[in-house]
Amino acid sequence: MSGTAAAQIAPAAATPAQPAAPCGGDLQSFLAGVREEALAKGIPAAAIDKALAGAQIDEKVLSRDRAQGVFRQTFMEFSTRTVSKARLSIGAKKMKEYEAVFARAEQEFGVPAPVITAFWAMETDFGAVQGDFNTRNALVTLSHDCRRPDMFRPQLIAAIEMVQHGDLDPATTTGAWAGEIGQVQMLPEDIIAQGVDGDGDGHVTLKTSAPDAILTAAKFIKSLGFTAGQPWIQEVSLPDNLPWEKTGLQDGMTAGDWFALGVKPRDGNTQFSSLPASVVIPQGRKGVAFMTYPNFNIYLEWNQSFIYTTSAAYFATRLAGAPAYDPRNPEPGLADEPMKRLQTRLDELGHDVGKIDGILGAGTRAALQKEQQRLGLPADGWATQAVLDRL
């Protein structure tokens, strides 16, 4: 999904026991190898030949893969744009329209309607924007390309299996450039493993069937570890003397531990005090604050971007009835070039911040917290000009 984002998940390193997937070279020879692999997995020759007939490299897919943009919006910028009044209104109508389907999703998989609906909105605007790349060709292209064949070849084999089931037309099925399909943007392997025929037509068609999309998303979310009856995120207020170095997605604290330190849920609900919890402050100690619970991990599994996941989780709370968050008054963050200077300085100080990319990612936040603590500053992991000046 632009969510599970094939494009964003790092592939496992190849080992001697698992040789790297073959890639490159003559396309017809490559497809012959794919055909042999699919036959070995028990897929009928007729389905394989139908799936691969006319397959070709899509240069636009390669261009998108090479030019993936980095996520530079702040939480307030992104969440304000994505969690809009229009989307909230449509989401409420969709939950009403498909009330029986959502009830089944919660009964069978333990996932409430707001969680599914938020992903449905953020991925495709409830099915309106699903991508126009030929799915078969996108997966052939990314499997043939030698950058990440281990990630995409299994998805191509799964797409061939979908052709066998009658759930994918190799000539006409379109989706995202990285092979995700349908209203909740799922990859073929996940559709094979988690697909649910919600409308009873004998097929799993996530592009055109809202019941299929809703129930498949619910089953997939459950497979990621969602626990029924537990929260995922909760807006909180923070005391000025909080031990800021403990904030961020860290283990070792319960919600009750945070409550004892003066953290207060905005909705007053403290019944989950025994659950593990983190306090996240996307724009520093002067901005909005949330407490995250174990169910928040499914958002991180869906998409690795902290800003996307926090926005999706917040969106779900809004659909469940929570008010808009209090933005408070965060300090201005660093622009691209100053952020790169900060990352370079942290790297010089011996911290692993990963790529110097101008993005305040998890590695940069963690390194920054350590330096803030060393300098006697509130260690909230938020990059400001004042912090850069001190470093």
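The values are calculated or read from the model by the stated rules, or taken from the named source; none is laboratory data. Computed from a prediction, not measured in an experiment: that's the story for all the values here. Neighbour counts are summed over all protein chains in view; Cβ atoms, including those assigned to glycine, are modelled from backbone coordinates with ideal geometry. When the accessible area is computed, the model is the full protein with side chains, heavy atoms only, and any ligands, DNA or RNA have been set aside. Shrake-Rupley method; radii C 1.70, N 1.55, O 1.52, S 1.80 Å.
Observations on the model:
- When the helices (runs of 4 or more DSSP H) confined to segment 44-152 are screened for residues that are within 16 Å of Ala312 (Cα to Cα), of a type in the set (Phe, Trp, Tyr) and in contact (Cβ under 8 Å) with a residue 60 or more places away in the chain, those reaching at least 2 such residues are found at 75-82, 113-124.
- Every residue from segment 322-347 that is among the hydrophobic types (A, V, I, L, M, F, W, C) and surrounded by 13 or more Cβ atoms within 10 Å (Cβ to Cβ): Ala322, Ala324, Leu334, Met339, Leu342, Leu346
- Checked against the criterion of being open to solvent by less than 20 Å² (accessible area, probe 1.4 Å) and assigned to a loop (DSSP other than H, G, I, E, B), the candidates Gly287, Gly350 yield just one match: Gly287.
For every residue, the table says whether it meets (1) over 21 Å from Phe220 (Cα atoms); (2) out of contact with any Cys (no Cβ under 6 Å at 6 or more places or on another chain).
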| position | (1), (2) |
| --- | --- |
| Val111 | no, yes |
| Thr117 | no, yes |
| Met122 | no, yes |
| Gln130 | no, yes |
| Ala138 | yes, yes |
| Cys146 | yes, no |
| Gln155 | no, yes |
| Ala158 | no, yes |
| Gln164 | yes, yes |
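- Restricting segment 21-36 to residues that are touching a helix residue (DSSP H, G or I) at 6+ places or on another chain (Cβ under 6 Å) and open to solvent by 60 Å² or more (accessible area, probe 1.4 Å), the residue that is nearest to Glu161 (Cα to Cα): Arg35
Results for (1) in contact with a His (Cβ under 6 Å, 6 or more places away or on another chain); (2) in a loop (DSSP other than H, G, I, E, B); (3) open to solvent by 30 Å² or more (accessible area, probe 1.4 Å), shown as yes or no for each residue.
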| residue | (1), (2), (3) |
| --- | --- |
| Ala228 | no, yes, yes |
| Val236 | no, no, no |
| Asn241 | no, yes, yes |
| Glu245 | no, no, yes |
| Gln250 | no, yes, yes |
| Trp258 | no, no, no |
| Gln271 | no, yes, yes |
| Ser274 | no, yes, yes |
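- Among residues that are in a helix (DSSP H, G or I), without any contact (Cβ under 8 Å) to a residue 60 or more places away in the chain and on the phi < 0 side of the Ramachandran plot, Asp212 is included.
- Evaluation of Lys355 against the conditions (1) under 14 Å from the mean Cα position of the chain (by Cα); (2) open to solvent by 40 Å² or more (accessible area, probe 1.4 Å); (3) at pLDDT below 95 shows that the sole unmet condition is (1).
- Considering residues of segment 169-186 that are without any contact (Cβ under 8 Å) to a residue 60 or more places away in the chain and in a loop (DSSP other than H, G, I, E, B) only, the residue surrounded by the fewest Cβ atoms within 10 Å (Cβ to Cβ): Thr172
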